[in-house]
Amino acid sequence: MFDIGVNLTSGQFDKDRDAVVARAFEAGVSGMLLTGTNLQESQQAQQLASRYDNCWSTAGVHPHDASHWRPETADALRELAAQPEVVAIGECGLDFNRNYSTPQEQEHAFSAQLALAAELSLPVFMHCRDAHERFIALLTPWLDKLPGAVLHCFTGTREEAQACLASGLSLGITGWVCDERRGLALRELLPVIPADKLFFETDAPWLLPRDLPVKPSSRRNEPCYLPHIITQAAMWRGEDAEWLMQQSDENVRTLFGIRF
């Protein structure tokens, strides 16, 4: 089973990064996509991906960091994307919930990264929070120019899920779905997502599943908890967990063009 969203560059992993990766593979994780959220962290993610087996990375600028986008940022990402470990542009998109960067800065950086992904024929790894309509409006003109797109950490409504799926997007599901306070709506719409459009991720070190039988004292999420997320999702979808793991792995191979 493949974790498509691991923030392995996070300082929370500085003291035991090797052990975190080892625990993931011991738990049955077959591969990981390390998330780049700005230029520096994208470079770090690529370096980490080259260090560990069956790890790849994204290269992009998160909407929180969109205010730092410069014309030369695209050039640096283009150079980074030439590395074999980099298999997607992102994390990019819109986040109108916190607006650490202005909506205008976010839209500019998102559009620039969509153009870069189209130029390089790479899929996009995207973020959207409280910005669905504008997100779809900016993305739609690029969809026929992109080899694929996944909206990671999806937590939107049923209507938003259906709109994304109708546009051909894949959806990434995290441990949010295991949260009995905030994740019930997502849990209920799980069956709406076709199996060939479904991806799983931990978004570690964040979004520790609340229904873990034994929670770590640190409250830090790790990719080793991915099997729990998929097993729970399979139960709520009424599917065999092993089959769903295999299907999601095949989705990863198809979208990102990697072998593991």
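Taking springs between alpha-carbon atoms closer than 10 angstrom, which of Pro209, Pro71, Pro223 fluctuates most in the Gaussian network model of the chain?
In the Gaussian network model the winner is Pro71.
Accessible area per residue, 1.4 Å probe, Å², for the chain: what's the number? The partial results should precede the final answer.
Working: 10900 Å² over 260 residues.
Accessible surface, normalised per residue, equals 42 Å².
Mind computing the radius of gyration and Dmax over the alpha-carbon atoms of the stretch 56-98? Å is fine for both.
In order Rg, Dmax, the Cα atoms of the stretch 56-98 give 11.1, 34 Å.
With charges set only on the Cβ (+1 for Lys and Arg, -1 for Asp and Glu), what does the dipole of the stretch 71-117 come to about its Cα centre, in debye to the nearest 20? Each step should come with its number before you reach the end.
Details: 2 positive and 8 negative charges, 21 e Å.
Once rounded to the nearest 20, the dipole reads 100 debye.
Tell me the trypsin sites (Lys or Arg not before Pro) within the stretch 13-54 that lie in a loop according to DSSP and have at most 14 other beta-carbon atoms within 10 Å.
On the way: sites: Lys15, Arg17, Arg23, Arg51; in loops: Lys15.
Taking the stretch 13-54 and a limit of 14 other Cβ atoms within 10 Å, the loop trypsin sites (Lys or Arg not before Pro) found are Lys15.
At Glu119 and Val214, where each label point lies 7 Å from the Cα along Cα→Cβ, what is the point-to-point distance in nanometres?
5.1 nm
Run lengths n ≥ 4 of DSSP H only: what is the helix-derived mean residue ellipticity at 222 nm for the chain, with -39500 (n - 2.57) per run over all residues, to the nearest 500? Before the final figure, lay out each step's value.
Working: 9 runs with 103 residues, N = 260.
Mean residue ellipticity, 222 nm, calculated: -12000 deg cm²/dmol.
Computing the accessible area with a 1.4 Å probe over protein heavy atoms, can you report the carbon and sulfur percentage for the chain? Please list the in-between numbers first.
On the way: 5230 of 10900 Å².
Roughly 48 percent, rounded to a whole number.
About the Cα centre of the chain, how large is the charge dipole given +1 on each Lys and Arg Cβ and -1 on each Asp and Glu Cβ? Please answer in debye to the nearest 20.
Values: 22 positive and 35 negative charges, 73 e Å.
In debye, rounded to 20, the chain gives about 360.
Could you give the nm distance between label points at Glu239 and Thr157, where each point is 7 Å from its Cα heading toward the beta carbon?
About 2.6 nm, to one decimal.
List the trypsin sites (Lys or Arg not before Pro) within the stretch 83-192 that DSSP assigns to loop and that have no more than 12 neighbouring Cβ atoms inside 10 Å.
Numbers: sites: Arg98, Arg129, Arg134, Lys145, Arg158, Arg181, Arg182, Arg187; in loops: Arg98, Arg181, Arg182.
The qualifying sites are Arg98, Arg181, Arg182.
Tell me which DSSP H helices of the chain clear both cut-offs, 24 Å or more of axial length from alpha-carbon atoms and a mean Kyte-Doolittle hydropathy of at least -0.5.
Length and hydropathy pass: 103-120.
Report the normalised scattering of the chain as log10 I(q)/I(0) at q = 0.10 Å⁻¹, calculated by the Debye formula with identical scatterers on the alpha carbons.
-0.43
Go through Ile193, Met235, Gly90 and say which Cα lies farthest out towards the positive end of the charge dipole of the stretch 2-256; charges sit on Cβ, +1 for Lys and Arg, -1 for Asp and Glu.
Positive-most Cα among the choices belongs to Met235.
List, largest first, the extents of the alpha carbons of the stretch 80-149 along their principal axes, each in whole Å.
Cα spread of the stretch 80-149 along its principal axes, largest to smallest: 34, 23, 15 Å.
Where the only charges are on Cβ atoms (+1 Lys, Arg; -1 Asp, Glu), what is the dipole of the stretch 24-106 about its Cα centre, to the nearest 20 debye? Intermediate results must be reported in sequence, preceding the final value.
Working: 4 positive and 11 negative charges, 12 e Å.
That gives a dipole near 60 debye.
Rank Met245, Met126 by accessible area, highest first, at a 1.4 Å probe radius?
Values: Met245 25, Met126 0 Å².
Result, largest first: Met245, Met126.
Only Cα pairs within less than 10 Å get springs; with that Gaussian network setup on the chain, which residue of Leu208, Leu151, Leu184 has the largest fluctuation?
Of Leu208, Leu151, Leu184, the Gaussian network model singles out Leu184 as fluctuating most.
What's the ranking of 135-143, 42-50, 212-220, 28-36 by average number of surrounding C-beta atoms within 10 Å, highest first?
Working: 135-143: 16.7, 42-50: 21.0, 212-220: 10.1, 28-36: 24.1.
Going by the mean number of other Cβ atoms within 10 Å, highest first, we get 28-36, 42-50, 135-143, 212-220.
The values are calculated or read from the model by the stated rules, or taken from the named source; none is laboratory data. For clarity, every value in this text was computed on a predicted model and none was experimentally measured. Cβ: placed from backbone, ideal geometry, glycine included. Neighbour counts: every protein chain shown. Calculation scope for accessible area: heavy atoms of the full protein, side chains included, ligands and nucleic acids excluded. Shrake-Rupley method; radii C 1.70, N 1.55, O 1.52, S 1.80 Å.
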